[in-house]
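A short worksheet on the structure shown next.
Nothing in this text is a laboratory measurement; each read-out follows from the coordinates by a stated rule. Note that this is a predicted model, so its numbers are computed, not measured. Cβ placement follows ideal geometry from the backbone for every residue including glycine, while neighbour counts extend to all protein chains displayed.
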Amino acid sequence: MRGTIIEQTNPKKKTMKNYGPWKFNSKNLTLTHENGYEIDVESWTTSAEVLDWIFQIHSKTWNNADTMQGLILAIEEIIDPQANLCSFGTEQGPIVVSKVSKAAIRHNLVSAPS
């Protein structure tokens, strides 16, 4: 499963991307589940916080395989945790998500095929 662009306000600047049942908004750095549950991506500043979110979502009654797969893919594409948070098992955070994700957002949203 790869992310799918779902909305664009300008042909050169795509602002939303789908990750299964999740929608990522690069303008306000939120990840919203199709049921309305929203995650402030800027809270992903350490590997512990990212792991906490993974288990928070895993414990929800509405969780399923697509929800978890989409969440993991979104985390990977938005902040690249292995490069920015936990390289070689060592905590690299805290990070400023808006700065770390800038290149990833540019690559995954603007350059992604529509």
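Here are the numbers:
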{"read-out": "Amide H contacts of Cys86 (H built 1.01 Å from N, under 5 Å, at least 5 apart or other chain)", "value": "Gln92"}
{"read-out": "Spin-label model distance (nm) - Ile54 vs Glu91, 7 Å beyond Cα toward Cβ", "value": "1.6"}
{"read-out": "Fewest-first ranking of Tyr37, Tyr19, using other Cβ atoms within 10 Å as the exposure measure", "value": "Tyr37, Tyr19"}
{"read-out": "Taking Val41, Val50 and counting other C-beta atoms within 10 Å, the order from fewest to most", "value": "Val50, Val41"}
{"read-out": "Ranking of Lys17, Lys99, Lys23, Lys60 by count of other Cβ atoms within 10 Å, fewest first", "value": "Lys99, Lys60, Lys23, Lys17"}
